[in-house]
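Structure record follows, encoded as structure tokens.
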Amino acid sequence: MTKAIMIQGAGSNVGKSMIVAGLCRVFVRKGLRVRPFKPQNMSNNATVTADGGEIGRAQALQALACGVPPVIDMNPVLLKPESEVGAQVILQGKRFATVKARDYAKLKLNLLTRTVESFRRLQQEADLVIIEGAGSPAEINLRAGDIANMGFAEAVDAPVVLVGDIDRGGVIAQLVGTHAVLPASDRDRIRGFMVNKFRGDVSLFDGGRVEVTSRTGWADLGVLPWFDDAWKLPAEDIMDISSSHGSGVKIAVPRLSRIANFDDLDPLSQEPGVSVEIIEAGQPLPGNADLVLIPGSKSTIADLAHFRRQGWDIDLAAHIRRGGHVLGICGGFQMLGKEIADPEGIEGPPQTVDGLGVLDVSTVMTPKKHVVEVTGRTLEDGTAVAGYEIHIGETAGPDCERAWLEINGQTHGAASADHKIQGCYVHGLFGADAFRARFLRQLGGRSTVSDYGASVEAALDALADHLEEHADIDALFAIAQQG
């Protein structure tokens with residue numbers, strides 16, 4: 001049987017996704033066929049797989065760490081929040097249902113069967129599967145029907161390693177408290193612990209490590225210092241995106257309440273000559289921005305209302321009067337048009353709302369979801385682009401006659417007469433080095449990152465080095481073998 005190990009967290013955002021990515025690269029470098037797996041993820045930062053589905057962005061990065069293309073089986077259940085109480089359920093890459101949190105529990109038995117099915121398929125092509133949990137197993141009120149943590153580990157008989165985050169404080173309580181509240185069968189499934197995000201002299205925590213081991217009986221698998229190059233890797237969680245302060249071109253990005261696919265910003269953030277400023281609710285769009293980039297949204301109509309509540313529509317109009325550039329991607333593209341119609345109530349009650357009106361296009365929401373990898377070029381000079389589309393809705397209008405891209409053989413996007421306002425549905429454009437350089441030149445700047453893909457690969461290698469130095473890799477592998 002293929003070896004497996006599950007990395008769970010003593011809380012949310014303790015660094016599980018990054019640790020799994022690093023471990024994937026560590027064991028690939030040791031000659032193993034490795035696959036990442038997350039039974040249930042909750043994120044609006046998704047990517048398209050070669051087999052035509054969508055999974056969480058973190059699993060795509062982990063697949064890259066393994067040197068294999070992402071496939072839907074790596075994240076069979078993806079929950080994409082659409083409101084405070086409801087989410088769209090993506091099952092094995094396809095839209096399955098939209099449910100409220102209270103009703104989601106009714107689906108879990110069926111979902112567990114499908115997640116195990118995906119896991120078994122991955123096992124057939126791997127020597128080692130590294131599983132990532134979600135949230136914390138200490139949420140014992142959610143244990144019945146669980147498919148994200150101990151419920152899944154039990155279903156496939158996987159050993160568990162628990163990770164705590166010392167940067168937030170209270171890491172001993174996180175770990176020992178988890179031990180205290182878990183039922184015996186789950187507690188015994190945990191074979192070891194790691195402490196993540198330590199700053200300073202690691203030896204100062206030696207006593208803490210002894211305390212955790214003595215109170216839990218779990219093996220001490222290492223204390224991981226803060227990984228300085230984490231910002232070079234695509235972030236999955238909305239809480240992980242922050243402004244990057246370079247010099248030169250200033251790009252303002254309003255943080256939408258349902259922001260999606262914000263990894264569009266990652267290549268720009270790595271450019272020393274670019275300042276990407278995330279504008280929080282209640283703050284104005286800066287008057288000296290060269291570009292206002294309106295990103296994707298899981299709920300375009302709701303986020304358009306959010307945009308207006310902040311007064312960003314007024315700021316955007318002033319930015320355009322000053323001659324500033326605007327780019328809307330996916331939901332941001334839809335917002336730039338004259339109206340958005342949702343006759344079937346896909347995003348809420350059936351309605352038609354006025355858009356920002358800076359592009360002469362209109363969007364109609366339709367049930368069909370576009371999920372596809374794309375390649376193409378700019379129409380002006382043939383610069384190559386690549387990326388993916390994940391959206392509902394069809395956009396048309398006079399400004400589409402000024403399409404600025406050719407995607408999969410079709411003209412794509414829309415632009416104003418002076419081409420300073422542009423929109424498209426393609427995510428991942430800025431990952432193409434030539435396109436990013438071209439786009440920054442239009443803003444009066446220049447690109448100095450010649451190979452973004454290589455920089456991500458280098459960061460993954462550095463992460464693997466970091467883990468090999470500070471974690472007990474041999475013990476981790478031995479735990480996987482015990483499973």
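Summary of computed values
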item: Count of residues meeting criterion [surrounded by fewer than 18 Cβ atoms within 10 Å (Cβ to Cβ) and of a type outside the set (D, E, K, R)] in the range 108-122; result: 4
item: Yes/no for residue 372 being touching a strand residue (DSSP E or B) at 6+ places or on another chain (Cβ under 6 Å), touching a residue at least 60 places away in the same chain (Cβ under 8 Å), in a strand (DSSP E or B) and among the β-branched types (Val, Ile, Thr); result: yes
item: Selection count, the range 190-223, where residues are modelled with pLDDT under 95 and closer than 20 Å to residue 474 by Cβ; result: 1
item: Filtered residues of the range 123-159 (kept if among the aliphatic types (A, V, I, L, M) and open to solvent by 30 Å² or more (accessible area, probe 1.4 Å)); result: 138, 140, 142, 144, 155
item: Cβ-Cβ under 7 Å pairs, at least 6 apart or on other chains, the range 254-275 side more than 24 Å from residue 88 (Cβ to Cβ), far side aromatic (Phe, Trp, Tyr) and open to solvent by less than 10 Å² (accessible area, probe 1.4 Å); result: 267/430; 268/430
item: Strands (runs of 3 or more DSSP E) completely within the range 1-97 that count 2 or more residues being among the aliphatic types (A, V, I, L, M) and open to solvent by less than 10 Å² (accessible area, probe 1.4 Å); result: 3-9, 46-48, 77-81, 86-91
item: Residues of the range 339-379 that turn out to be under 30 Å from residue 433 (Cβ atoms), of a type in the set (A, V, I, L, M, F, W, C) and within 28 Å of the chain's Cα centre (by Cα), as a count; result: 3
item: Residue match in the range 112-129 (condition: β-branched (Val, Ile, Thr), at pLDDT 95 or above and either in a strand (DSSP E or B) or more than 23 Å from residue 34 (Cα to Cα) (or both)); result: yes
item: Test: residue 106 is modelled with pLDDT under 95 and in contact with a Gly (Cβ under 6 Å, 6 or more places away or on another chain); result: no
item: Output for the range 343-371, where each listed residue is surrounded by 15 or more Cβ atoms within 10 Å (Cβ to Cβ) and closer than 26 Å to residue 60 by Cα; result: 369, 370, 371
item: Members of the range 148-185 that are of a type in the set (Asp, Glu) and farther than 21 Å from residue 13 by Cα; result: 154, 157
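The values are calculated or read from the model by the stated rules, or taken from the named source; none is laboratory data. What you see is a predicted model; the values in this text were computed from it and never measured. Methodologically, a virtual Cβ is constructed for each residue, glycine included, from the backbone with ideal geometry; neighbour enumeration extends over all protein chains shown. The area values use the complete protein model at the heavy-atom level, side chains included, leaving out ligands, DNA and RNA. Shrake-Rupley method; radii C 1.70, N 1.55, O 1.52, S 1.80 Å.
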